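The values are calculated or read from the model by the stated rules, or taken from the named source; none is laboratory data. Being a predicted model, the structure only gives us computed values, none of them experimental. Backbone-built Cβ (ideal geometry, glycine too); neighbour counts: all protein chains shown.
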Amino acid sequence: MATFNADNAFGAQYVPVQLGLCLGGLITTWGTDSPTPRLWSVQDGAALSQLMYQGKISKVGRAEDLVGRYREAGMLDGANKVLSVSVEGETEPRLFPLGEPIDVDGKQTSYDIIGALRSAIQYVTDGGAKMLLLERGGLTAPKEPFALFTLDDGKIVVEARPAPRGSAVWDKLLKPGQTAGLVSAPMSEEGLRAASVFLAEAARTWGVTPWDLTLTYETI
């Protein structure tokens with residue numbers, strides 16, 4: 001995986017940022033020196049999405065008190081509206097022109113979030129990380145809510161806190177008073193596809209937009 005380096009020779013305008021999910025051609029960035037999010041349109045969002053979620057791009061720590069957890073990152077020139085992303089095996093960073101947010105299709109956004117989660121789940125399944133969490137973005141984001149995917153003794157495990165009530169997918173599995181949702185299944189392609197739906201459905205109960213979310217990985 002490409003390592004995050006704030007000292008790359010990009011020029012003084014660039015600042016390191018955490019990246020949210022690239023959905024419907026939009027992405028949120030959080031400056032590592034500021035918790036304030038910025039939502040952008042990406043000129044070539046499809047190309048950026050193809051680079052993300054698979055351990056290919058630069059990273060930054062989730063928070064100082066969460067050692068071993070990281071998020072995908074880039075360098076942002078906010079004045080000139082350019083996002084620079086370092087890619088493993090490439091000597092020059094990829095540059096993505098940015099613009100102001102635009103209206104996007106809700107169906108496309110739903111499709112994109114499932115695709116992002118499927119890529120990230122496959123990365124964990126292939127041994128790239130120990131665990132995946134869908135969380136709120138930003139260095140100061142709370143540790144809950146979260147939805148987690150991991151493998152335990154060859155089984156698929158999905159956990160969500162708090163218990164994701166109000167989701168048709170989760171409600172039938174939750175008991176009264178249960179504080180967290182937990183499902184497991186034998187390893188299979190069907191199970192991996194279902195895991196992405198369980199993660200996305202948990203996030204739908206948090207009262208946030210898809211662009212408030214990001215993915216956190218835990219190292220092996």
Counted residues, region 28-42 - those being modelled with pLDDT under 95 and among the polar types (S, T, N, Q): 3
Just the residues that are among the charged types (D, E, K, R), buried (at least 19 other Cβ atoms within 10 Å of the Cβ) and in a loop (DSSP other than H, G, I, E, B), please, taken from region 56-72. LYS56, ARG62
In region 1-27, how many residues are among the aliphatic types (A, V, I, L, M), farther than 13 Å from SER84 by Cβ and either modelled with pLDDT under 95 or in a strand (DSSP E or B) (or both)? 5
For region 44-83, enumerate the residues that are farther than 16 Å from CYS22 by Cβ and polar (S, T, N, Q). ASN80
Failed criterion for GLY207 (all others in (1) part of a loop (DSSP other than H, G, I, E, B); (2) farther than 20 Å from GLN108 by Cα hold): (2)
Would you point out the residue of region 94-136, among those that are among the aliphatic types (A, V, I, L, M) and part of a loop (DSSP other than H, G, I, E, B), that is farthest from PHE198 (Cα to Cα)? ILE102
Count of residues meeting criterion [buried (at least 19 other Cβ atoms within 10 Å of the Cβ) and outside any strand (DSSP E or B)] in region 210-220: 3
LEU215: of a type in the set (A, V, I, L, M), under 28 Å from PRO101 (Cα atoms) and touching a strand residue (DSSP E or B) at 6+ places or on another chain (Cβ under 7 Å), yes or no? yes
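Yes/no matrix, rows are residues, columns are (1) in contact with a strand residue (DSSP E or B) (Cβ under 8 Å, 6 or more places away or on another chain); (2) within 27 Å of PRO145 (Cβ to Cβ):
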{"residue": "GLY61", "(1), (2)": "yes, yes"}
{"residue": "ASP77", "(1), (2)": "yes, no"}
{"residue": "ILE102", "(1), (2)": "yes, no"}
{"residue": "GLY115", "(1), (2)": "no, yes"}
{"residue": "THR125", "(1), (2)": "yes, yes"}
{"residue": "GLU135", "(1), (2)": "yes, yes"}
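Residue-by-condition table, conditions (1) surrounded by 16 or more Cβ atoms within 10 Å (Cβ to Cβ); (2) aliphatic (A, V, I, L, M); (3) in contact (Cβ under 8 Å) with a residue 40 or more places away in the chain:
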position	(1), (2), (3)
ILE114	no, yes, yes
LEU134	yes, yes, yes
GLU159	yes, no, no
TRP170	yes, no, no
For region 175-197, how many residues meet the condition of being in contact with a strand residue (DSSP E or B) (Cβ under 9 Å, 6 or more places away or on another chain) and either modelled with pLDDT under 95 or not in a loop (DSSP other than H, G, I, E, B) (or both)? 11
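Conditions tested, residue by residue: (1) free of Cβ contacts under 8 Å to residues at least 60 places away in the same chain; (2) surrounded by 14 or more Cβ atoms within 10 Å (Cβ to Cβ).
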residue: GLY74; (1), (2): yes, yes
residue: SER84; (1), (2): no, yes
residue: PRO93; (1), (2): no, yes
residue: ILE102; (1), (2): no, no
residue: TYR111; (1), (2): yes, no
